[in-house]
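The structure appears below as structure tokens.
The values are calculated or read from the model by the stated rules, or taken from the named source; none is laboratory data. Keep in mind that this is a model prediction, so the values were computed, not measured. Cβ: placed from backbone, ideal geometry, glycine included. Neighbour counts: every protein chain shown.
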Amino acid sequence: MTEDCLFENTYPPPDGQRYEGADAVRGFWVRLFAESPHAYFEVEDIGAGEDRGFLCWCYRWIDGDGKSGHVRGVDIFRVRDGKIAEKLSYVKG
């Protein structure tokens, strides 16, 4: 990730929270997985062309009561200088 990187989360609706800069983006992911140690992403499809790419995914978790859940979505990436510079996330539902 570059210092000018951008991540738009899927939550809260309708537009999601925006994280700008490598530290903010990294911090989001560190917190997410620290709070949800049993959560994981499954890649369903992936593709790229020129400076854009996409990733279709399924995010699965187990809540505090032991119940499992999931949500499906897609991320759209922009690559700059060989690194992910932008990641926009969208979910079904």
* To do: Of the conditions (1) touching an Asp or Glu at 6+ places or on another chain (Cβ under 8 Å); (2) among the hydrophobic types (A, V, I, L, M, F, W, C); (3) surrounded by fewer than 16 Cβ atoms within 10 Å (Cβ to Cβ), Val43 clears all except one; give me its number.
  => (1)
* Asked: Is it true that Lys67 is among the basic types (Lys, Arg) and touching an Asp or Glu at 6+ places or on another chain (Cβ under 8 Å)?
  -> no
* **Pair list, Cβ under 6 Å, 6 or more apart: the range 73-93 residue touching a residue at least 12 places away in the same chain (Cβ under 8 Å) and over 23 Å from Arg60 (Cα atoms), other residue in a strand (DSSP E or B) and among the aliphatic types (A, V, I, L, M)** => Arg78/Ala85; Glu86/Leu6
* Structure fact -> Subset of the range 24-39, residues loosely packed, with under 12 Cβ neighbours inside 10 Å and either touching a residue at least 12 places away in the same chain (Cβ under 8 Å) or under 14 Å from Phe7 (Cβ atoms) (or both), comes to Trp29, Val30, Arg31, His38
* Can you find a residue in the range 2-22 that is hydrophobic (A, V, I, L, M, F, W, C), in contact with a strand residue (DSSP E or B) (Cβ under 9 Å, 6 or more places away or on another chain), at pLDDT 90 or above and not in a strand (DSSP E or B)? -> no
* Structure fact -> Within the range 46-82, residues closer than 20 Å to Gly21 by Cα and either loosely packed, with under 12 Cβ neighbours inside 10 Å or among the acidic types (Asp, Glu) (or both) come out as Asp51, Asp75, Asp81, Gly82
* Asked: Taking the condition touching a residue at least 60 places away in the same chain (Cβ under 8 Å) and within 17 Å of Val91 (Cα to Cα), does Phe7 pass?
  -> yes
